[in-house]
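Participant: Supplied in structure tokens, the structure appears directly below.
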């Protein structure tokens, strides 16, 4: 599946995306708040991730859907719905630093949220976010996600447990 907008394409990852993925995600400012993405991010990490995404794409009973954010053939970000279960899922995303503050992730989140509600018939989509990640909080709030609370010691990043805010949007 592919979703085209005027500024970018949301599409499945492919083997040819490895180099572009490494170039755009291998930035501490991009990964500092993301507990599941290593830094530095290597070609080996990209190969492993893309292989996993391709395998997940072929599954009929999906518990996760990953899209690359593609601009002119370059992977500049990613967005996913994961832990998909009956009426709910979680959403996660990242964007290369050179494209921050341009509304791209706000638009991508709106599209993926609508996809989850309309195509997957979800009733609830949630996201966890580091309380210090003001940009991500802004993106969620701009898309009408509501803060539900603080999850103490929820994630493990850089050798320590860290708090996360829980945000969610209901259909």
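Participant: Among the residues of region 14-34, count how many are surrounded by fewer than 16 Cβ atoms within 10 Å (Cβ to Cβ) and farther than 23 Å from residue 1 by Cβ. Give the derivation first.
Facilitator: Kept after step one, since they are surrounded by fewer than 16 Cβ atoms within 10 Å (Cβ to Cβ), are these residues of region 14-34: 14-16, 19, 23, 28-29, 32.
Filter once more, so that each one left must be farther than 23 Å from residue 1 by Cβ: 19, 23, 28-29, 32.
Here the count works out to 5.
Participant: Within region 132-148, how many residues are in a loop (DSSP other than H, G, I, E, B) and loosely packed, with under 14 Cβ neighbours inside 10 Å? So that I can check it myself, show each step before the final result.
Facilitator: Taking region 132-148 as the starting set, the residues that turn out to be in a loop (DSSP other than H, G, I, E, B) are 132-133, 143-145.
The next check asks that each one be loosely packed, with under 14 Cβ neighbours inside 10 Å; those that pass are 132, 144.
Result for region 132-148: 2.
Participant: Kindly indicate whether residue 6 is closer than 21 Å to residue 99 by Cβ, free of Cβ contacts under 8 Å to residues at least 40 places away in the same chain and outside any helix (DSSP H, G or I). I'd like the intermediate steps shown before the answer.
Facilitator: On the way: closer than 21 Å to residue 99 by Cβ: yes; free of Cβ contacts under 8 Å to residues at least 40 places away in the same chain: yes; outside any helix (DSSP H, G or I): yes.
Yes: the conditions hold for residue 6.
Participant: Select from region 109-129 the residues that are part of a loop (DSSP other than H, G, I, E, B) and out of contact with any strand residue (DSSP E or B) (no Cβ under 6 Å at 6 or more places or on another chain) and list them in ascending order. Working first, answer last.
Facilitator: At the first step, the residues of region 109-129 found to be part of a loop (DSSP other than H, G, I, E, B) are 119-123.
119, 120, 121, 123 - these are the residues of region 109-129 that are part of a loop (DSSP other than H, G, I, E, B) and out of contact with any strand residue (DSSP E or B) (no Cβ under 6 Å at 6 or more places or on another chain).
Participant: Continuing with the same structure: Among the candidates 110, 97, 124, which residue alone is closer than 24 Å to residue 159 by Cβ and surrounded by fewer than 17 Cβ atoms within 10 Å (Cβ to Cβ)?
Facilitator: Values: 110 fails: closer than 24 Å to residue 159 by Cβ; 124 fails: closer than 24 Å to residue 159 by Cβ.
Answer to the selection: 97.
Participant: A further question follows. Anything in region 42-68 that is at pLDDT 95 or above and more than 16 Å from the chain's Cα centre (by Cα)? List them, or say none.
Facilitator: 42, 43, 44, 45, 47, 48, 51
Participant: Looking at the structure I just gave you, is residue 153 out of contact with any helix residue (DSSP H, G or I) (no Cβ under 8 Å at 6 or more places or on another chain), without any contact (Cβ under 8 Å) to a residue 24 or more places away in the chain and either assigned to a strand (DSSP E or B) or loosely packed, with under 15 Cβ neighbours inside 10 Å (or both)? Let's see the steps before the verdict.
Facilitator: On the way: out of contact with any helix residue (DSSP H, G or I) (no Cβ under 8 Å at 6 or more places or on another chain): yes; without any contact (Cβ under 8 Å) to a residue 24 or more places away in the chain: yes; either assigned to a strand (DSSP E or B) or loosely packed, with under 15 Cβ neighbours inside 10 Å (or both): yes.
Taking the combined requirement at face value, the residue satisfies it.
Participant: When you scan region 14-98 for helices (runs of 4 or more DSSP H) that lie fully inside it, which ones turn up with 2 or more residues that are free of Cβ contacts under 8 Å to residues at least 60 places away in the same chain?
Facilitator: Working: elements: 18-25, 28-31, 43-58.
Answer list for region 14-98: 18-25, 43-58.
Participant: Go through (1) over 17 Å from residue 31 (Cβ atoms); (2) within 13 Å of the chain's Cα centre (by Cα) one by one and return the number of the condition residue 95 breaks.
Facilitator: All conditions are met except number (1).
The values are calculated or read from the model by the stated rules, or taken from the named source; none is laboratory data. What you see is a predicted model; the values in this text were computed from it and never measured. Positions of Cβ are backbone-derived with ideal geometry, glycine not excepted, and every protein chain shown enters the neighbour counts.
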